[in-house]
Amino acid sequence: MRVSHAGTVYDPAATSTAARPAGDRARRIYGPPLDAALVAASLVNVWANVDVEESLAMGCALLAAFALVLRRCLPLAAFLLTLPTALVTDAVWAALIALYTLSSVSRHRVLLGGCALAFSISSFLPWPWTDIDAAELSEAYSLVELTATLATAAAPVFLGQLVQARRELSQRLWEISRAREHEQLLMTQNVLAKERAQLAREMHDVVSHQVSLIAVQAGALQVGGSDPAARRTAATIRRLSTQTLDELRYMVSVLRDSGSRPTELTPQPSLADLHHLVDTSGIGAELDADLPDTLPPAVQRAVYRTVQEALTNVRKHAPGATARVHITCQDGIVDVTVTNTPPTRPALDLPSAHHGLAGLRQRAALLGGNVSCGPTPEGGYRLQVRLTAGSTA
């Protein structure tokens, strides 16, 4: 087992075992019909080569045929049970099939060679061995027949070894492919970690610095200002700047920790924070919410972010307007509607990347909802978001 630099564990043994279920399923599906077909073929071979009246030969042949049922779980035992039929009969299909199966799963070359030799001897020499006459044997059995018998025994051994090598090669290629995919994933994660670290530095060095200056100057204006309205405005700017700094610092820590350990974006807003959000929005806003407290946290965050984005847009694009926030939950659907009146003064030219509504649409889509927005007949604007109450994304 190896541990990567990004903390991801990579175990080659795990990838090896991960490739086996497909083969196991294939063996479970096709194994029994194939075994039945091989037993049937061996019985046909017995019927063609063994006389029914020869009880010993018939018993050994039938034992060999039905022993093929054990060839997957006990290949060596299956071959040993088929060996007597090669000794007393010419029905050797079962023995050859069992020898092939043993060769396809065993790496023991000496064992395979001994099994092939045992089959050759059993098939070549006549039975019973006590009646063998050397002179008759040399006349009846030639070198050609001996060579053919050895070749017959060697063929299933070599074929089984070839199948085993091919299976192992396919497995190895699959493992190499998985290892390369894992390596590519680690490289991608490494690049992303570097980009997050760079983004965290930029946020800390540039954004946090500028927001800190805003908070300091707002605090000075709050203390030294003579106009009560200006002082209240400065207090609001200072409070919002301080809150933004806290969120920025936390986001910087999240970006720096990404990829090294799990992080939770906490604290996250909930429905309990809606009243505070509306009261501190800086505009005249009315909240009408009728929601259960049992909504999933993801839905509660989506509702909060929707109201936050809508009130921010009202403050930026409709100065002097008032807003009404209406939230209901019926039949498992959460409906958030934010409507504002027409602006009473020109809007300030503020920079915007237009990511707010796009982010709301993405968040709503993840929760099985949708977003609709547009101007009202009175000259205001309405934003409506519908979410599925049971979503947990």
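Annotations for the structure displayed:
- For the stretch 271-388: rounded, prolate or oblate by the Cα gyration tensor [a/c cutoff 1.5]: prolate
- Here the label points at residue 41 and residue 253, each 7 Å from Cα along the C-beta direction, are separated by 7.0 nm in the simple model.
- One decimal place: the segment residue 272-residue 73 gains 65.3 nm when fully extended, by the rule 0.36 nm per residue minus the C-alpha distance.
- Least to most buried among 306, 344 (fewest other Cβ within 10 Å first): 344, 306
- In this structure, residue 109 and residue 55 have a Cβ-Cβ separation that, at R0 = 35 Å, corresponds to a calculated FRET efficiency of about 0.40.
- Ordered by the count of other Cβ atoms within 10 Å of each Cβ, fewest first, 145, 309, 53 give 53, 145, 309.
- Length released on extending from residue 326 to residue 170, taking residue separation times 0.36 nm less the Cα-Cα span: 50.0 nm
- Computed from the C-beta positions of residue 183 and residue 163, the FRET efficiency with R₀ = 30 Å rounds to 0.45.
- Panel order for 147, 85, by other beta carbons found within 10 Å of each beta carbon, from fewest to most: 147, 85.
- Between residue 202 and residue 220, the simple spin-label model (points 7 angstrom out along Cα→Cβ) gives 2.9 nm.
Taken together, the values in this text are just the output of simple stated rules run on the coordinates, not laboratory data. What you are looking at is a predicted structure, and each value in this text was computed from that prediction instead of being measured. Reconstructed Cβ throughout: ideal geometry from the backbone, glycine too, with neighbour counts over all protein chains shown.
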